[in-house]
Amino acid sequence: MNAPDVGSGEESGSPGADEEFWDLRLYVAGQTSKSMAAFANLKRICEERLAGRYHIEVVDLMQNPQLAKGDQILAIPTLVRKLPAPIRKIVGDLSNNERALVGLDLRPRGGG
Amino acid sequence: MSEAVTAGNDLMLRIHDLTLQLEEAEDTLRALRHGEVDAIVVKADAEEQIYTLKGADHAYRVLFETLNEGALTLGLEGTVLWANSCFAQFVGLPLEQVVGAPFESFLSPADRERFLALHEAGRKGNSKTEASLVHASGSLVPVMVSLSAVYLAGIGETCTAVVTDLTELRQAQEALQQANTELEARVAARTAELTRLNQALANADQRKDRFLAMLAHELRNPLGPIRNAIELLKRWGPPDPRLVRARGIIDRQVKHQARLLDDLLDVSRIAQGKIRIHSSRLNLAQLIRDAAEDCRGIAEESGLSLCLELPDEPVWVDGDAIRLAQVVTNLLQNAAKFSNAGGRVVLSLSTEPQNGMARVKVRDTGIGIEREMLPRLFESFSQADSSLDRSRDGLGLGLALVKGIVELHQGCVSAHSDGPGHGAEFSFLLPLAAAGATEALDAPSPMGAQTRPLRILIVEDNRDSADSLRELLELAGYRVEVAYSGQAALAITSEFQPEVVLCDLGLPGMTGYEVVGALRQNPSLATARMVAVSGYGQEEDKTRSRTAGFDAHLTKPVEFEELQRLLQIPSGGQG
């Protein structure tokens with residue numbers, strides 16, 4: 001999928017933990033309902049937590065299945081956090097808000 | 001020792017990696033188990049393939065994908081979460097550039113703010129608006145956007161948008177509007193054209209009436225001298241029977257022609273609204289009796305019997321005696337004209353007190369009238385059956401005149417026939433006069449013969465007219481002088497001392513009005529009677545003559561009897 005630039009990424013500001021730039025890649029399979037849900041949930045989380053400093057690239061594996069190789073995608077939808085390091089993968093439609101936040105490291109992990 | 005530490009560290013890192021891999025695998029399994037994914041990547045023949053789960057909503061998804069309307073699901077702030085290919089076609093972009101973009105970015109700038117408010121409303125319920133989409137080519141697509149709030153499990157609050165293309169509707173509306181405008185313009189143009197044609201027709205009709213009046217007038221002028229000449233021949237002419245017969249022919253034909261021209265003149269005057277009715281209280285029964293008597297000759301000539309059915313008591317109406325007699329005469333002549341010898345004409349008068357009308361009927365046993373012809377009978381120049389080789393002469397004006405005169409009397413005319421061969425019946429109604437009528441007849445008092453020849457001066461530039469009239473008057477015992485111009489008239493008056501001046505009005509150089517003005521300056525002519533002789537006999541013509549100083553006004557061609565009556569009135573009386 002030719003990724004639309006969703007969300008205004010570039011914004012100059014003083015560097016700091018809260019000012020890190022987030023580069024996210026969402027793997028979808030056409031317009032399946034889970035893909036749609038994942039996109040909607042991701043968009044909401046980003047607007048709430050990372051407004052102005054994130055970029056979402058949507059990769060449609062229906063169009064280009066071979067792109068699954070790069071990030072070793074198995075199930076769809078899957079979100080890959082490219083930046084900040086380290087790379088993180090979250091499988092699913094991000095409908096569980098708590099898990100999504102933990103997976104993205106936007107909230108300290110609970111035990112286990 | 002350090003090797004052991006390094007090995008230990010490696011092991012730790014390895015464990016950490018494996019832990020992460022395990023977590024990822026567990027997370028994937030969890031997501032699969034919880035149904036958070038609906039597609040998986042499968043490696044087959046070293047190629048990745050995508051397998052999607054087709055849920056129970058598959059049929060609906062196909063429906064929306066193939067819908068001929070744009071359908072979208074909008075997330076927070078109007079982000080397009082899902083769109084069908086129809087909407088992508090509306091905006092001329094690939095589907096993947098549509099999904100994820102804010103919906104308002106596809107709207108024309110003018111519609112954007114309005115849409116945001118609408119979206120706000122749409123999130124609560126339903127809303128609808130017309131807007132313009134911007135196609136990738138830059139053109140605008142008129143659409144109807146309707147929004148309705150939908151809660152989707154796993155996503156939350158969303159909006160469903162249905163976008164309908166109004167292009168064709170708008171085009172149809174515009175075409176309709178244009179057709180309407182064009183139609184209106186054409187109707188207006190046609191109306192204007194008809195109005196113009198109507199006006200042109202009315203103008204042409206007026207010109208025709210004026211032309212007819214002028215034509216009749218000009219044609220009638222020469223009849224005066226001819227008539228005078230016949231009168232001369234009657235008195236002086238040789239008694240040779242052939243000449244007497246020839247004279248009779250001329251006499252009758254001139255009278256006939258004069259009547260035709262009179263009718264023509266009358267019809268055009270009525271058409272121009274120039275005829276005035278000189279109304280007085282009169283006994284219609286007597287008037288009809290007199291008119292029938294005048295026509296008895298015509299009836300007898302045609303071999304017809306004329307019967308009268310009149311009430312014994314008088315029937316009073318207000319009207320112009322001369323004109324009403326003309327109506328009766330015309331109807332009788334009409335009946336005679338269209339009857340064959342041996343026929344019968346019945347002239348009747350009755351009153352209809354319930355509607356205050358007098359009814360005059362002329363019934364004949366003549367050739368009758370075709371049903372289709374009846375409505376047009378009273379139109380000018382509409383003599384029925386022109387196929388008769390015009391064996392029935394006339395201009396077809398008689399009935400038009402009847403209608404015109406009767407209507408000037410607030411009456412109405414009608415005609416009836418049971419068809420060809422069954423005769424015809426013409427009738428007219430006149431309003432009865434109010435009660436308390438009295439007969440007011442000013443009977444002309446015939447005067448005795450002249451004891452002394454009257455001196456008459458004829459002022460007339462038409463020498464034929466002047467000379468023939470002079471001979472007639474001399475024959476009747478008057479002393480006559482002729483002046484062919486106004487100047488000549490002024491030159492001889494002092495010596496001749498005329499008692500009556502018959503003065504033409506249309507003289508060259510000096511008009512009749514100027515002549516009478518000059519003569520009135522002469523005290524020796526104080527008692528002389530000035531009589532205007534003119535081709536024009538309208539009321540305004542008579543008034544003008546009177547104003548100019550004339551005592552009387554005669555209309556050409558002057559009937560000799562009428563002139564003699566005038567001459568017999570004692571000097572100083574009004575003509």
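Results, tabulated for the structure shown:
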item: Answer residue from segment A:94-109, given it is more than 21 Å from B:GLN21 (Cβ to Cβ) and within 9 Å of chain B (Cβ to nearest Cβ) and is nearest to the chain's Cα centre (by Cα) among those; result: A:LEU94
item: Qualifying positions in segment B:152-199 - more than 28 Å from B:GLU130 (Cα to Cα), hydrophobic (A, V, I, L, M, F, W, C) and part of a helix (DSSP H, G or I); result: B:LEU183, B:ALA185, B:VAL187, B:ALA188, B:ALA189, B:ALA192, B:LEU194, B:LEU197
item: Segment B:38-76 - residue that is farther than 30 Å from B:VAL141 by Cα and touching a Ser or Thr at 6+ places or on another chain (Cβ under 8 Å) and, of those, surrounded by the fewest Cβ atoms within 10 Å (Cβ to Cβ); result: B:ASP57
item: When residues of segment A:17-52 are limited to those that are farther than 20 Å from A:ALA75 by Cβ and in contact with a Ser or Thr (Cβ under 9 Å, 6 or more places away or on another chain), the one surrounded by the fewest Cβ atoms within 10 Å (Cβ to Cβ); result: A:ALA51
item: Checking B:PRO431 against (1) part of a loop (DSSP other than H, G, I, E, B); (2) surrounded by 14 or more Cβ atoms within 10 Å (Cβ to Cβ); (3) at pLDDT 85 or above, the condition it does not meet; result: (1)
item: Whichever residue in segment B:140-153 is in contact with a Gly (Cβ under 9 Å, 6 or more places away or on another chain) and in contact (Cβ under 8 Å) with a residue 60 or more places away in the chain and, among such residues, is farthest from the other protein chains (Cβ to nearest Cβ); result: B:VAL143
item: Considering residues of segment B:86-115 that are crowded, with 17+ Cβ neighbours inside 10 Å and of a type in the set (Gly, Ala, Ser) only, the residue farthest from the other protein chains (Cβ to nearest Cβ); result: B:ALA88
item: Unmet requirement for B:LEU63, which otherwise passes all of (1) over 30 Å from A:GLU48 (Cβ atoms); (2) at the interface with chain A (Cβ under 10 Å from one of its Cβ atoms); result: (2)
item: Yes/no for B:PHE106 being under 60 Å from the mean Cα position of the chain (by Cα) and of a type in the set (Phe, Trp, Tyr); result: yes
item: Every residue from segment B:474-512 that is over 53 Å from the mean Cα position of the chain (by Cα) and in contact (Cβ under 8 Å) with a residue 40 or more places away in the chain; result: B:LEU475, B:ALA476, B:TYR478, B:PHE496, B:GLN497, B:PRO498, B:GLU499
item: Residues located in segment B:74-122, provided they are touching a Leu at 6+ places or on another chain (Cβ under 7 Å), under 22 Å from A:ARG44 (Cβ atoms) and not β-branched (Val, Ile, Thr); result: B:LEU74, B:GLY75, B:LEU81, B:TRP82, B:ALA83, B:PHE103, B:GLU104, B:PHE106, B:PHE115, B:LEU118, B:HIS119, B:GLY122
item: Filtered residues of segment A:72-93 (kept if crowded, with 16+ Cβ neighbours inside 10 Å and more than 9 Å from every other protein chain (Cβ to nearest Cβ)); result: A:LEU79, A:VAL80, A:ARG81, A:ARG88
item: Considering residues of segment B:312-346 that are aliphatic (A, V, I, L, M) and more than 17 Å from B:VAL406 (Cα to Cα) only, the residue surrounded by the most Cβ atoms within 10 Å (Cβ to Cβ); result: B:ALA335
item: Helices (runs of 4 or more DSSP H) enclosed by segment B:461-532 - at least 1 residues per element that are buried (at least 22 other Cβ atoms within 10 Å of the Cβ) and touching a Cys at 6+ places or on another chain (Cβ under 6 Å); result: B:512-520
item: Residue satisfying condition, being in contact with a His (Cβ under 6 Å, 6 or more places away or on another chain) and modelled with pLDDT of 85 or more, within set B:ALA518, B:ALA528, B:ALA532; result: B:ALA532
item: Qualifying residue in segment B:557-569 (condition: farther than 17 Å from B:LEU469 by Cβ, over 45 Å from the mean Cα position of the chain (by Cα) and part of a loop (DSSP other than H, G, I, E, B)); result: yes
item: First in segment B:156-183 and within 14 Å of another protein chain (Cβ to nearest Cβ) and at positive phi, second anywhere and surrounded by 11 or more Cβ atoms within 10 Å (Cβ to Cβ) and of a type in the set (D, E, K, R), Cβ under 8 Å, 6 or more apart; result: B:GLY156/A:ARG44
item: Members of segment A:31-71 that are outside any helix (DSSP H, G or I), more than 7 Å from chain B (Cβ to nearest Cβ) and not basic (Lys, Arg); result: A:LEU50, A:ALA51, A:GLY52, A:TYR54, A:HIS55, A:ILE56, A:GLU57, A:VAL59, A:GLN63, A:ASN64, A:GLY70, A:ASP71
item: Residues located in segment B:320-331, provided they are modelled with pLDDT under 90 and touching a strand residue (DSSP E or B) at 6+ places or on another chain (Cβ under 9 Å); result: B:ASP320, B:ALA321
item: Within segment B:276-305, tally of residues that are in a strand (DSSP E or B) and either buried (at least 21 other Cβ atoms within 10 Å of the Cβ) or under 42 Å from the mean Cα position of the chain (by Cα) (or both); result: 4
item: Contacts under 7 angstrom Cβ, first residue in segment A:47-61 being under 15 Å from B:THR79 (Cα atoms), partner in a strand (DSSP E or B) and modelled with pLDDT under 85, 6 or more apart; result: A:ILE56/A:VAL6
item: Candidates B:ARG359, B:ARG371 - the one that is modelled with pLDDT of 90 or more and either within 18 Å of B:VAL413 (Cβ to Cβ) or of a type outside the set (Lys, Arg) (or both); result: B:ARG359
item: Selection count where residues are at the interface with chain A (Cβ under 7 Å from one of its Cβ atoms) and touching a residue at least 12 places away in the same chain (Cβ under 8 Å), scope segment B:37-54; result: 3
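Residue by residue, here is whether (1) more than 30 Å from A:LYS34 (Cα to Cα); (2) surrounded by 13 or more Cβ atoms within 10 Å (Cβ to Cβ) holds:
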residue	(1), (2)
B:PRO142	yes, yes
B:ILE155	no, yes
B:GLN177	yes, no
B:LEU183	yes, no
B:VAL187	yes, no
B:THR191	yes, no
B:LEU194	yes, no
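The values are calculated or read from the model by the stated rules, or taken from the named source; none is laboratory data. This structure is a prediction, so every number in the text was calculated from the model and none was measured. All Cβ positions, glycine included, derive from the backbone under ideal geometry; neighbour counts span all protein chains shown.
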